[in-house]
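Undergrad: Have a look at this one.
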Amino acid sequence: MRRGPMPSDSGGDDGDHVSGVVGYRVEGGIAFITLNRPEKLNALNPAVFSDLDDFITEFNDDRDAAVAIVHGSGRAFAAGADIEHYVGISVAEYAQFMRDGNRVQEKFATSTKPVIAAVHGYALGGGFELALSCDLIVVDPEAQLGLPEARLGLLPGGGGTQRLARLVGATRTLELIITGGRLSGRQAVDWGLALGLGEDENVLEAAKRLAHQIVRQAPLAVQLAKVLVRSAFDTPLASALALEQAVGAMLFSTDDAREGIAAFVDKRVPQFQGR
Ligand code: COA
């Protein structure tokens, strides 16, 4: 199994956008959102949140991208909020910073198209929370995930107490937060929180493999599956099942469903239009 530092993968095509702290490029239907402060282990500061906000919006509007992969350059996914930014700021400024982070994470969670977090190295605090707001997490077995804010006298403020508890339960979440412990990528896979790597893959390759599989599916079916599965967390079962029925019937009326069924019968590859 190949591991070690992540290739920076910062692109180089004409369509690339690299703000300095975050990169965005699209290739083969996949948008790559690259956290790009490797010298600070991709710590999240206001400029990073602002760029992530811009690029997730760009991804949503990008007709060439069906799925996004967010990943970190250098030796970490992201080691959390930029602690240096906290020095000397007011409570109001801190609260605003938390709101900015939450807004970005909510945009990832509610993006119309799926987002995969490719996690290697450290994913701590806000870095872990950013991954938790994505639809799928692919993780290197040696990665270290955690919510160490209590050691700073703080709490996870980007959904860590809520999103993680919904995914793995209260006991595991609380233990991580109040002990400041870390979870290995291997454990995250065992917990069902993340997906592991295939033979000889690094985490970005594994995320691309998944993304390529997603790109081959009918776009509307993928997008609506995301909406339905996410609603499973907080919708009463009867309502959620009724929604599933209604959405399923609506999809049956789409061109893509006709095309998918016809392609199966004709034994050919479907050509989806996203309508
Ligand atoms: N905020 C600001 N800077 C950070 C950072 C963060 N969350 N995490 C790492 N950095 C910086 C370090 O200060 C260092 O910068 P420097 O070279 O200018 O001194 C650089 O990134 C490399 O980190 P370093 O600590 O030297 O690497 P390491 O391998 O020894 O340790 C960690 C890695 C992740 C264990 C350690 O950096 C750490 O504990 N970071 C803070 C994690 C955290 O508490 N996150 C939650 C924040 S709310």
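Undergrad: In degrees between 0 and 90, to the nearest 10, how far off the longest principal axis of the chain does helix 46-61 point, with axes built from Cα atoms?
TA: For helix 46-61, the angle is close to 0 degrees.
Undergrad: Keeping all protein chains in place and using 1.4 angstrom, which order do 272, 97, 252 fall into by accessible surface area, from largest down?
TA: Largest to smallest exposure gives the sequence 252, 272, 97.
Undergrad: To two decimal places, what compactness ratio does the range 140-179 give when its Cα radius of gyration is scaled by 2.2 N^0.38 Å?
TA: 1.15
Undergrad: OK, next. Which percent of the accessible heavy-atom area of the range 42-156 goes to carbon and sulfur, probe 1.4 angstrom?
TA: Of all accessible area on the range 42-156, carbon and sulfur atoms account for 54 percent.
Undergrad: Going Cα to Cα from residue 208, which aspartates and glutamates come in below 13 Å? Please leave out same-chain ones fewer than 8 positions away.
TA: Leaving aside aspartates and glutamates fewer than 8 places away in the same chain, those within reach of residue 208 are 9, 27.
Undergrad: With a point put 7 Å past each Cα toward its Cβ, work out how far residue 213 is from residue 240 in nm, to one decimal.
TA: So the two model labels end up 2.2 nm from each other.
Undergrad: Set the bar at 25 Å for Cα to Cα. Now go through 40/113; 107/226; 113/267 and name every pair that lies beyond it.
TA: Beyond 25 Å between Cα atoms: 40/113; 113/267.
Undergrad: In degrees from 0 to 90, rounded to the nearest 10, what is the angle of the helix 203-215 Cα long axis to the longest principal axis of the chain?
TA: 30
Undergrad: Using a 1.4 angstrom probe with every protein chain in place, what is the largest-first accessible-area order of 89, 178?
TA: 178, 89
Undergrad: Tell me, what is the 1.4 Å probe accessible area of residue 83, in Å² to the nearest 10?
TA: About 90 Å², rounded to the nearest 10.
Undergrad: Kindly report, to the nearest 10 Å², the accessible surface of residue 71 as traced by a 1.4 Å probe over protein heavy atoms only.
TA: Its heavy atoms expose roughly 0 Å² to the probe.
Undergrad: Between the alpha-carbon centers of the range 119-180 and the range 29-56, tell me the distance in whole angstrom.
TA: Using only Cα atoms to place each centre, the spacing works out to 18 Å.
Undergrad: Right, next: Can you give me the angle between helix 91-110 and the longest principal axis of the chain, using Cα atoms only, in degrees from 0 to 90, rounded to the nearest 10?
TA: 20
Undergrad: Let me ask something else. Across every pair of different alpha-carbon atoms, what Kirkwood hydrodynamic radius in Å does the range 95-222 reach?
TA: 15.1
Undergrad: Kindly provide the Kirkwood hydrodynamic radius of the range 7-215 in Å, to one decimal, from all pairs of distinct alpha carbon atoms.
TA: 16.8
Undergrad: Taking all pairs of different Cα atoms in the range 219-266, averaging 1/r and flipping that mean, what Kirkwood radius in angstroms comes out?
TA: 11.6
Undergrad: Here is a follow-up. With all protein chains present, calculate the accessible area of residue 164 using a 1.4 Å probe and round the result to the nearest 10 Å².
TA: 0
The values are calculated or read from the model by the stated rules, or taken from the named source; none is laboratory data. Because the structure is a prediction, the values reported are computed rather than measured. Glycine gets a Cβ as well: all are built from the backbone with ideal geometry, and neighbour counts include every protein chain shown. For the accessible areas, the whole protein counts, side chains as well, though only heavy atoms, and no ligand, DNA or RNA atoms are used. Shrake-Rupley method; radii C 1.70, N 1.55, O 1.52, S 1.80 Å.
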